[in-house]
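Notes follow the structure.
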Amino acid sequence: MFNMNISFGKKGFVTLLLLTLLLFLAACSSETSDTESGDEGNASSTDTENNESNYPSNDINVLIGFDPGGGSDQLAQLTQPHLQEYLDTSFVNEYKPGASGAIAWTRLAQQAENDGYTISVTPSPQLVSNYILNSELDYRLDDVEPIANVVTDPGVIVVPSDSQFDTYEDFANYVEENPGEQKVSHSGVGGDDFFTTLRWMNSTGLDVEMVPFDGDGPSWQAAAGGDVTASFNNLGVVYSQVKEGNLKALAVMSEERMELLPDVPTLKEQGIDLVTGSSRGYTAPKGIPEDAKQKLYDAFEQLSEDSEFKESLEEVSLPMDIKIGEEYTEYLKEQEKTTSEIWNEVKDEYEE
C-alpha cells in the first residue's frame, strides 16, 4: 500500500508539474499577446493622429468674390490645376460676388473655419481699399492670413489707335498745357486703376478729369472709341487690343520694360517713380494650423518654379510676381498704408 501510494504520488506530482508549466506558458503567451495588442493599439492611435494632421485630407474650398470670367476666376483657373497636383487634393471654387469682393472676404475673415480648408482669391489693393472706403465692412487685413501673391498685372496708359499722342511725353506735355481738360477712364472708384490714376497725378503734378466705368473692359472700350483721351488700365487686360491695333500703349508701370511690349517705356524711365498694378493672390482665415500654412507655402514655391505655369501666364500676358507668407503680408500692409493716405486726400470729393 505504501509503495503504491508513493508511486501514485510521483505520477500525481509529475502531472501537477506539467499542468503548472502549461499554465505558466499560457500566461506568458497571454501577456505577450496583450503587450503586442497594446503596441498595435498605440500604433493605431498614432496613425489616427498622423492622419488628422495629414493636410490636406479633404477638398479645399476657394471663395471668389466676383462672377466667373473675371481676373480672380482667371487666376484660379491658371493656378489650381498645378496646386492640385502638388497638394494631391481638389479645389472647389465658390463664387460669392458682391460689394467689390467684400462679401467673400467678410465670410473668409469672420465665418470660415480656420482649418486650412477654406481660402480665397484676393486681388489687391481691392482687398484693403474696400474697407478703407467703407469703414462699415466687417473685416480688416489683420483678420486674414496672406498666403501668397501670384501675379501683378502692371498698370498701363493706353490711348485710341488714331490718337494724336504717339509717346508718353506727347500726352504728358499736352495735359500739362491743358490741366483738368483731358478725360481719363478707370475701372471704378476704389479699384486699382482709380488709385493708380490718383498716384500718377500726385507723382507728376498733372491734372486730368477722372471718369469711372464699371470694370476694365468698359474703361478701355471708352478709350478705343474716343470717348476719353486715355485709359489707365492693366496690361493683361488690354494687351490683345494693343496687339490688334485698337489701342496704343504709351507707358507701363512696371520696374522694367515688358517683353510683350519692348518698345513701350516704363514710367520710371520718364523719371516718375511709380510701379503699380493689380496684384492677385490667395489668403486664408487668420490662425490656420502651421502645418497647413507651411504646405500651402511650399505649394506656391513649387508654382514659382513650374515652367508650364510660367508659359500659361505668358499666353495671357500676366507677369508672375510670387510673394509668399511674410513678404506678401508686408506687401499688403504697404498697400493699405499708401491707399489710406491717398484716400484721405481725396475722399471729400467722393463722399456725400
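Rundown of residues vs (1) touching a residue at least 12 places away in the same chain (Cβ under 8 Å); (2) hydroxyl-bearing (Ser, Thr, Tyr); (3) closer than 24 Å to Glu113 by Cα, yes/no style:
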site	(1), (2), (3)
Ala284	yes, no, yes
Gly287	yes, no, yes
Lys295	yes, no, yes
Phe300	yes, no, yes
Ser312	yes, yes, no
Ser317	yes, yes, no
Ile322	yes, no, no
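Can you tell me which of Gly245, Gly271 is free of Cβ contacts under 8 Å to residues at least 12 places away in the same chain and more than 21 Å from the chain's Cα centre (by Cα)?
Working: Gly245 fails: free of Cβ contacts under 8 Å to residues at least 12 places away in the same chain.
Answer to the selection: Gly271.
Could you please let me know if Asp115 is within 27 Å of Asn344 (Cα to Cα), open to solvent by 10 Å² or more (accessible area, probe 1.4 Å) and out of contact with any Lys or Arg (no Cβ under 7 Å at 6 or more places or on another chain)? Give the steps one after another, and end with the answer.
Details: within 27 Å of Asn344 (Cα to Cα): no; open to solvent by 10 Å² or more (accessible area, probe 1.4 Å): yes; out of contact with any Lys or Arg (no Cβ under 7 Å at 6 or more places or on another chain): yes.
The answer is no for Asp115.
Out of (1) closer than 30 Å to Gln294 by Cα; (2) open to solvent by 10 Å² or more (accessible area, probe 1.4 Å); (3) of a type in the set (Ser, Thr, Tyr), what's the single condition that is false for Ser124?
Every condition holds for Ser124 apart from (2).
Pairs please, first residue from the range 68-86 and closer than 25 Å to Ser187 by Cα, second anywhere and of a type in the set (Phe, Trp, Tyr) and assigned to a loop (DSSP other than H, G, I, E, B), Cβ atoms under 8 Å, 6+ apart in sequence or on different chains.
Listed pairs, sorted by first residue: Ser72/Phe66; Asp73/Phe66.
Please find, among Asp306, Asp348, Asp321, Asp298, the residue that is among the charged types (D, E, K, R) and within 11 Å of Val150 (Cβ to Cβ). Walk me through it before giving the result.
On the way: Asp306 fails: within 11 Å of Val150 (Cβ to Cβ); Asp348 fails: within 11 Å of Val150 (Cβ to Cβ); Asp298 fails: within 11 Å of Val150 (Cβ to Cβ).
The match here is Asp321.
Residue-wise test of (1) of a type in the set (Val, Ile, Thr); (2) out of contact with any Ser or Thr (no Cβ under 8 Å at 6 or more places or on another chain); (3) touching a residue at least 60 places away in the same chain (Cβ under 8 Å).
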position: Gln126; (1), (2), (3): no, no, yes
position: Glu136; (1), (2), (3): no, yes, no
position: Asp153; (1), (2), (3): no, no, yes
position: Tyr168; (1), (2), (3): no, yes, yes
position: Phe195; (1), (2), (3): no, no, yes
position: Met201; (1), (2), (3): no, yes, no
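For residues that are open to solvent by 10 Å² or more (accessible area, probe 1.4 Å) and under 26 Å from Ala102 (Cβ atoms), tally how many sit in the range 203-220.
Residues flagged as open to solvent by 10 Å² or more (accessible area, probe 1.4 Å) and under 26 Å from Ala102 (Cβ atoms) within the range 203-220 amount to 10.
State yes or no: is Glu290 more than 15 Å from the chain's Cα centre (by Cα) and more than 18 Å from Thr329 (Cα to Cα)? If you could, list the steps in order and put the result at the bottom.
Details: more than 15 Å from the chain's Cα centre (by Cα): yes; more than 18 Å from Thr329 (Cα to Cα): no.
Taking the combined requirement at face value, the residue does not satisfy it.
The values are calculated or read from the model by the stated rules, or taken from the named source; none is laboratory data. These numbers were taken from a predicted model, which means no experiment stands behind them. Because the Cβ atoms are built from the backbone with ideal geometry, glycine has one as well, and the counts that use them run over all protein chains shown. What goes into the accessible areas is simple: the full protein's heavy atoms, side chains included, and nothing from ligands, DNA or RNA. Shrake-Rupley method; radii C 1.70, N 1.55, O 1.52, S 1.80 Å.
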